[in-house]
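Notes follow the structure.
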Amino acid sequence: MRVFFCRKCGQQLSFENSICLSCDSRLGFHLPGRSIQVLGDDLTVTVDGVEWGRCANIKRARCNWLVDLSTGATLCASCALTRTRPADSDTDAMAEFAAAETAKRRVILELDELHLPIVGRDENPSGGLGFDLLSSANRHVITGHANGLITLDLAESDDAHREQLRVSMDEPYRTLVGHFRHEIGHYYQTVLIGTGEHRARFEELFGNPDDDYQAALDRHYSEGAPEGWRKNHVSSYATMHPAEDWAETFAHYLHIRDTLDTAAAYAFAPAGSTFEAPLAGDVGFDRIIDWWLPLTWALNQLNRSMGHQDLYPFVLPARVLEKMRFVHSVVVPEVG
């Protein structure tokens, strides 16, 4: 995540800001330019000859992204991916919905930074990326992925509920951003791997993604992770099924890339660790890990100084790094 400043007064901004707290300017995030623009009195701004206006979800989802007004669209590139949301009258669920959309925008920006393809269900109704953000207050909701459609239980937006689940499931961390990155990983398994040229290597590292999922799920929750799993997997959940191993590894790759990019923006990591740097191939991946390990060691120690849990409570053994290297190779392929 890069550093943003108000273009009117120079005040430093957060990615989520829709108003400058210094000069009271109305703001909007411009995805193509990855910049925060100052809006005029009519709440629009012209960028490179194109007029942009606020997303219709400015209040519902606290969305500060801009929409290309020439297209006739009313929702931004992130909000348009959401297929189902709570009713406006469900105030509790709508508050959770806004928190979920805020996390989703951060993930969508990272996918854009990595130049990963995002094809919505308007273009591909049977396999495009879409989101059902549903409240489990009065219905049964299971967070998961199916053919590009990601379902999220909005109860995950509640800190107390999420922490209770984290403890009960013996997880080292549980976040909204983490959920989105994991489920997005399932989508990109179909997009980047599928049955194409990378399938054989995928099976060497993760196993056969066509293995019986329900049988694997039943086994995992009845028997738990196998002994010694930490040598080969980034989390205990990754041991359940090859598809989950890929999704967990993919999510951690996104964690690492975004955190390094943010650290570089604030001079806590080398400038070469940003999304804009050419980091393709094995050399690029080696550099990413060489920067990541000392950074997380320092950040974990800082968290402990404040009495918090480690920021990144994970170990990356050789086998996990081999899997992550493969993820890197398909996300940032070498050219030529």
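Just so you know, all these numbers are worked out from the coordinates, no wet-lab data involved. All figures in this text were calculated on a predicted structure; none of them were measured in a lab. Because the Cβ atoms are built from the backbone with ideal geometry, glycine has one as well, and the counts that use them run over all protein chains shown.
Table for the structure above
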| read-out | value |
| --- | --- |
| Computed over the chain: relative contact order in percent, which uses C-alpha pairs under 8 Å that are six or more apart | 11 |
| All-pairs alpha carbon distance profile, the stretch 100-160, 5 Å steps from 0, percent | 4, 17, 20, 25, 19, 10, 4, 1 |
| Degrees between helix 159-168 axis and first principal axis of the chain (Cα, 0 to 90, nearest 10) | 0 |
| Calculated [θ] (222 nm, deg cm²/dmol) that DSSP helices of n ≥ 4 give over the chain, each run adding -39,500 (n - 2.57) | -12500 deg cm²/dmol |
| C-alpha long axis of helix 242-265 to longest principal axis of the chain, angle in ° | 50 |
| Efficiency of FRET from Cβ geometry, A271 and T190, R₀ 25 Å, rounded to 0.05 | 0.15 |
| Efficiency of FRET between A280 and V119 - r from beta-carbon atoms, R0 25 angstrom, step 0.05 | 0.65 |
| Most to least packed among 107-120, 136-149 [average Cβ atoms within 10 Å] | 107-120, 136-149 |
| With 5 Å bins from 0: P(r) over the stretch 1-132, alpha-carbon pairs, percent | 2, 10, 19, 22, 22, 15, 7, 3, 1, 0 |
| Other-chain or far-sequence residues with amide H under 5 Å of R83's (modelled H) | F131, D132, L133 |
| Ranked packing of 319-331, 258-270, 240-252, most packed first, by mean Cβ within 10 Å | 240-252, 319-331, 258-270 |
| Qualifying lysines (Cα of each under 21 Å from Cα of K323; at least 8 residues distant if same chain) | K231 |
| FRET efficiency for V38 and R62, using Cβ-Cβ distance with R0 set to 25 Å, rounded to 0.05 | 0.85 |
| Percent of beta bridges antiparallel (DSSP, the chain, rounded to nearest 5) | 65 |
